[in-house]
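The values are calculated or read from the model by the stated rules, or taken from the named source; none is laboratory data. Treat the numbers as computed from the prediction; the structure is a model and nothing was measured. We place every Cβ from the backbone using ideal geometry, glycine too, and count neighbours over all the protein chains shown. Accessible surface is based on the protein model in full, side chains and every heavy atom, while ligands, DNA and RNA are left aside. Shrake-Rupley method; radii C 1.70, N 1.55, O 1.52, S 1.80 Å.
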Amino acid sequence: CAPLMVKGNVLGALEVINKRKGDGLFDQADRRLLQVLAGMVSLAVHNARMTGALVEQERMRRELDLAREIQRDLLPVQPTADFPVQGLNLSAMEVSGDFYDFFRLSDGRIAWGLGDVSGKGMNAAMLMAKTISLFRCLGKSIHDPSRLLAQLNDEIAETASRGMFVTMAAGVFDPVSREIVFANAGHQPPLFRSSAGNYCELEESSLPLGIMTGVGYVEQRIVLDGGRLYVFTDGVTEGRTGEGSMLE
């Protein structure tokens, strides 16, 4: 019996029984031959396993590439530079739990939403896809941000698993009056920059989506009047520079 080993890792054992020649007993020559054969078999088994692992990795890479492409297609098409709402999503990993969307309503106003799914990986990516799809579907008929978030919350809470939830800010912008009506479901406070260059955090918030049903959300109103409203995820606030320090 000889061990099958590669780089100190035991893969198994090679065993021979019942020598058919001579007195039926194995000698030192048989032992040396078995050790040589064990070395060759060890490499063959190791290479076969490595090939299988590489094939599986390639399959997973293709699936992740497809998932990333599907996620990218769920985000809105970038509008012209003069469109009043702009967005950006740069995924740090293959797939992301962050999302945003915006679209025109029938009355000319613009509905928008931005959110962040708890956790990482495929679970977060799948919940992201569900949330952004629900937002686009329900947002076309529910123009009240507080009612919209309440409906989204109930839909997500019905099937949420593993303690996952979504933080989200959503609202409606009127290009004529320059007024923004929005509500916040446990998301980071949006940042308002006035025309004078002063910044103010809009901290009013309620529970994230998906924790429990029947949650109410508070509406906030703000008139831009030459200012801007920034809504972002912790990918910005917890981002790091090339030197490894936190962004300020």
Scan region 212-234 for residues that are more than 28 Å from L90 (Cβ to Cβ), of a type in the set (A, V, I, L, M) and under 26 Å from the mean Cα position of the chain (by Cα) and jot them down. M212, V215
Could you please find all residues in region 125-163 being crowded, with 20+ Cβ neighbours inside 10 Å and over 16 Å from G214 (Cα atoms)? A125, L127, M128, T131, I132, F135, G139
Output for region 61-106, where each listed residue is within 22 Å of R228 (Cα to Cα), in contact with a strand residue (DSSP E or B) (Cβ under 7 Å, 6 or more places away or on another chain) and of a type in the set (G, A, S): G87
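If I ask for residues that are closer than 20 Å to G171 by Cα and either surrounded by fewer than 16 Cβ atoms within 10 Å (Cβ to Cβ) or within 13 Å of the chain's Cα centre (by Cα) (or both), which ones from region 98-118 would you list? Give the derivation first.
The first filter runs over region 98-118 and keeps only residues closer than 20 Å to G171 by Cα, leaving 98-117.
Passing the criteria: D98, F99, Y100, F103, R104, L105, S106, D107, G108, G115, D116, V117.
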Looking at region 204-218 only, could you name the residues that are open to solvent by 60 Å² or more (accessible area, probe 1.4 Å) and either farther than 15 Å from N153 by Cβ or of a type in the set (A, V, I, L, M) (or both)? E204, L207, I211, M212, V218
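Any residue at all in region 166-180 that's surrounded by fewer than 18 Cβ atoms within 10 Å (Cβ to Cβ) and either free of Cβ contacts under 8 Å to residues at least 40 places away in the same chain or under 17 Å from F232 (Cα atoms) (or both)? Give the steps one after another, and end with the answer.
To start, the set of residues in region 166-180 that are surrounded by fewer than 18 Cβ atoms within 10 Å (Cβ to Cβ) comprises 174-179.
Keeping just the survivors that are either free of Cβ contacts under 8 Å to residues at least 40 places away in the same chain or under 17 Å from F232 (Cα atoms) (or both) gives none.
The answer is no, given that none of the residues of region 166-180 is surrounded by fewer than 18 Cβ atoms within 10 Å (Cβ to Cβ) and either free of Cβ contacts under 8 Å to residues at least 40 places away in the same chain or under 17 Å from F232 (Cα atoms) (or both).
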Where residues in region 181-203 are out of contact with any Ser or Thr (no Cβ under 9 Å at 6 or more places or on another chain) and assigned to a loop (DSSP other than H, G, I, E, B), which of them is least open to solvent (accessible area, probe 1.4 Å)? P190
L25 being part of a loop (DSSP other than H, G, I, E, B), at pLDDT 85 or above and loosely packed, with under 10 Cβ neighbours inside 10 Å: yes
Of the numbered conditions (1) outside any loop (DSSP other than H, G, I, E, B); (2) open to solvent by 100 Å² or more (accessible area, probe 1.4 Å); (3) closer than 30 Å to F173 by Cα, R31 fails exactly one; give the number of that condition. (3)
Hey, E63 closer than 26 Å to G210 by Cβ, surrounded by fewer than 15 Cβ atoms within 10 Å (Cβ to Cβ) and at pLDDT below 85 or not: yes
